[in-house]
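Following: one structure in structure tokens, then a few remarks.
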Amino acid sequence: IAAKGNVYWSFLGDLDDWKNTEHLITDYGVAPYDWRLTLEEILGSGKKTGDHISYLAETDTPYIMSELRRLAATSKSGKVTLIAHSNGGLLAKALTDKLGTEAAALIDKIVFVAVPQSGTPQALGALLHGYDQGLPVDWFSFAMSQETARTMAQNMPSGYNLLPSEEYFTGEGSGVKTPVITFDSGDLTDDFIAKYGDKIDSHSELHDFLVDNDGKVAVSSSDTESPSQINTGLLLYADNVKQMLDEWTPPTGVTVHQIAGFGEETLGTVKYWTGVKCKVSSGQFCLEYEPKLQYTPNQVVDGDGTVVAPSALAMSEGDNVSRWWVDLFRYDDDNHLQRKHADILEVSELRDFIKENILTTITT
């Protein structure tokens, strides 16, 4: 928040108005959490002391579970509507999975806003290269460099949960045909091509590439052009988590609304190729070059700058599952702003839509 600003400021203001001015809702709660932890750790912890919540202190009353039950108890219907943004959507799925049959008794609707339900290539770029993780931005990263971000990501379970899953490639609702990685023929990429072909477009190939240390650099290396080695233990753990997320279905009687942003350039494919770097120099002149593995982030516009739209809309439409799109390109053009994944809830029309079409269904 220090580098990006409070991306929920307007939404929190609306919630307050909906409760205290418009009396549209009885009450609301906000569930902050430590996204560096595993989903299981988050749901099993969260000790509230005054206005402070610690996800490191042990407790018999985990915050998110307690808050859900508190809100359900004060609701006129006895149920709660969950609105989950980004990684919060994965946490919401894990929450209902943990609740089991009790979920249907506590929850009436779930709204997924820009949730990477089946992962996103952005996580690949971040984990392997620190791509787009510099703060405030890559080209002016005085708060955190790409190198530092990549080092942090190596041991952060939540980052691995965001990698493309089996459903990303094969799902009926979201199967993506664009490969997540491609290789141009060259001295330093031909070995990859011999193993995987010229593209990686399946979960099994992606897994094999990630655990393969050939051609990879140590995560602490300053060479962010080359892919880094990863934590294979966390990858295996995340594979199990993603299987649960892929197989997730809404609890009986719970309605799900999926909302995706599109129109912003979003990483779709990481392309590797063989470039050159200076081996021997004299002053400003290079006397000898050598091959250098490099990558290019190929962008698509079917996304919100972080999550590709098919992943945000991973579930097929049905009687209790719907899909909605937010045209960020048009919004930005009309308002001379740039709203992306992180601050998508700053789009006033989206907040109005949630209020009028999901919470109250006053319009069609």
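Observations on the structure shown:
- Among (i) 1.06; (ii) 1.00; (iii) 2.09, the entry derived from the coordinates for Cα Rg over 2.2 N^0.38 Å: (i)
- Per-atom-type breakdown for the chain gives carbon and sulfur 51% of the accessible area (1.4 Å probe, protein chains only).
- Antiparallel %, DSSP beta bridges [both residues in region 1-137], to 5: 35 percent
- Hydrodynamic radius of region 211-336 by the Kirkwood approach over all distinct alpha-carbon pairs: 18.7 Å.
- Estimated dipole of region 242-287 in Debye, rounded to 20 [Cβ of Lys and Arg +1, of Asp and Glu -1, Cα centre]: 440 debye
- Over region 1-115, the reciprocal of the mean inverse Cα-Cα separation, the Kirkwood hydrodynamic radius, stands at 15.1 Å.
- Acute angle (nearest 10 degrees) that the helix 63-74 long axis makes with the longest principal axis of the chain, alpha-carbon atoms: 30 degrees
- In this structure the amide hydrogen of Lys292, modeled in the peptide plane, comes within under 5 Å of the amide hydrogens of Gly275, Val276, Lys277, none closer than 5 places in sequence on its chain.
- Cβ charges +1 (Lys, Arg) and -1 (Asp, Glu), total dipole of region 192-231, debye: 60 debye
- Distance violations [Cα-Cα > 20 Å] among Lys48/Lys242; Lys19/Lys109; Lys177/Lys199; Lys79/Lys109: Lys48/Lys242
- If the segment from Tyr289 to Met144 were pulled out straight at 0.36 nm per residue, it would be longer than the present Cα-Cα gap by 49.1 nm.
- Over the chain, DSSP H runs of length four or greater, each weighted -39,500 (n - 2.57), average out per residue to a 222 nm ellipticity of -9000 deg cm²/dmol.
- In region 202-335, a dipole from Cβ-located charges (positive for Lys and Arg, negative for Asp and Glu) runs towards its positive end, and of Val280, Leu236, Gly318 it is Val280 whose Cα lies farthest in that direction.
- Simple label model, 7 Å out from Cα along Cβ direction - Asp198 to Ser322, nm: 4.4 nm
- Extent along the principal axes, Cα only, for region 95-179: 48, 31, 22 Å, with the longest axis given first.
- Note on region 148-162 and region 68-101: Cα centroid distance 26 Å, given to the nearest whole angstrom.
- Percent of beta bridges antiparallel (DSSP, the chain, rounded to nearest 5): 50 percent
- Around Val276: net Lys/Arg minus Asp/Glu count, Cβ-Cβ under 11 Å: 0
- Accessible area in square angstrom per residue, the chain, 1.4 angstrom probe: 49 Å²
- Largest-first ellipsoid semi-axes for region 157-216, taking √(5λ) over the Cα gyration tensor eigenvalues, angstrom: 22, 15, 8
- Phi angles across region 154-166 convert, under the Karplus curve 6.51 cos²θ - 1.76 cosθ + 1.60 with θ = phi - 60°, into 3J(HN,Hα) values of 4, 10, 10, x, 4, x, 6, 5, 8, 5, x, 9, 4 Hz, Gly and Pro given as x.
The values are calculated or read from the model by the stated rules, or taken from the named source; none is laboratory data. Fair warning: this is a prediction, and the values are worked out from it, not measured in the lab. Cβ coordinates were reconstructed from backbone atoms using ideal geometry, including for glycine residues, and neighbour counts include every protein chain displayed. Protein only, heavy atoms only, side chains kept; ligands, DNA and RNA dropped before computing areas. Shrake-Rupley method; radii C 1.70, N 1.55, O 1.52, S 1.80 Å.
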